[in-house]
Amino acid sequence: MSYTTKIFNQSYTTGMFNQSYNQTKDEEENYDYDGFCQFQKNQSMAKVIGPYVHSIICILGFVGNSLVIVTYAFYKRTKSMTDIYLFNVAIADLLFVLALPFIVYNELWSWPMGQVACKLLRGSYSVNLYSGMLLLACISTDRYIAIVQARRSFRLRSLSYSRIISAIVWIFAILVSVPTFYFYDWYKPSHMTGIIFDDDISIQMLNSTSEYVCEFKFEDPKTAKEVKVAVPSTQISVGFFLPLFIMIFCYSAIIVTLLKAKNFQRHRAVRVVLVVVAVFIICHLPYNIVLLYDTVTLFQERSCDDAETLEMALKVLQTIAYMHCCLNPVLYAFVGVNFRNHFRRIFRDLWCLGKKYMAPRRFSRVTSDFYMSSTRRSMDGSSNSGASFTM
């Protein structure tokens, strides 16, 4: 004979019913505490994805975006709106990968750095997420104006406009991240974390012995429900679907325009556009669809197996979405011949500087070579095209 147990994960510090689950007697071996979901498979997977996969993402994202920032700061002058947007995207992605290790550490273990660091970490993570995605939409809009609206591009595309738009994007990203700054808190769950209702309407409490965490904290259930729905809904709509629709509209018009041109380079640019859109969709669409499903069904009952499967899917697909910050430099910068030349110069100058410190006796010669390289860069910079795409 089977029975049903409902579990509502709750903490008095949050005042929030997060999830509910059903359990049958056949599933009993998967649980402890008379029906409490343990998510052992999810925990095992998190121990692999967290330290190893995310470390690779952080290293690749740090190297790629740092190269873009160094290129714009010392080697290549910003001559177009796309250059300004790409520079800001690299900053957002770099800050994103710098925050990622701390977030992974907090999810796997605890948060020892205090309340201020907690709010800054989670808030900056949200700001960089929104700004990076919206700036990619700005890049597609600039490409649309430059190619489809070429006659008006000189009037609409100016560096002053791009700086103003970039500032607006950052300010908007901060505003939509205010709930994250406000409701994330550093606290130690010290009250009840679970209530078990069985068929006899008996109640059992599960006490928490966890350490300090950096998580959402609410004073009343109503606020908790609203924020738990509003934050992911905003992320899905503003952080994904809005940039996606803008990119699809702009790049569709660009492809139509380029296909009319009888030029090999223009047709090569069509392939670049298709790759940019395809990578964006592959990285972000699956995660946002699952996140949307999780948000819609947030207060519905789920079996522990279904809940664990959903958590595992969110974790894996979120990691795939994180990979996009590593691919942005490749998609938007490395494809350009000018950028590749600048990157070679960066490594050459780093090699010269390394030899300078390793062999002091050759200081004067290396210094001379370094300044000659800098001179050549300044001369080359005057002839570089302002376009970041090979279009």
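For the cross-link pairs K188/K225; K47/K228; K217/K315; K47/K222; K47/K217; K47/K119, the ones whose C-alpha atoms lie over 28 Å apart are K47/K222. Put simply, when 94-107, 309-322 are sorted by average Cβ atoms within 10 angstrom per residue, most first, you get 94-107, 309-322.
Once backbone amide H atoms are built at 1.01 Å from N, Y187 has V213, E215 as its partners under 5 Å, excluding neighbours fewer than 5 places away on the same chain. Phi-derived couplings, Karplus 6.51 cos²θ - 1.76 cosθ + 1.60 at θ = phi - 60°, listed residue by residue for the stretch 310-315: 5, 5, 5, 5, 4, 5 Hz, with x used for Gly and Pro. The phi torsions of the stretch 171-185, fed into the Karplus equation with coefficients 6.51, -1.76 and 1.60 and a -60° offset, translate into couplings of 5, 4, 4, 5, 5, 6, 9, 4, x, 5, 4, 7, 8, 6, 8 Hz, rounded to whole numbers, with Gly and Pro shown as x.
Each reported figure results from applying straightforward, stated rules to the coordinates on display, with no laboratory input. Keep in mind that what you see is a predicted model, and the values were worked out from it rather than measured. In this analysis, Cβ positions are derived from the backbone assuming ideal geometry, glycine residues included, and neighbour counts consider all displayed protein chains.
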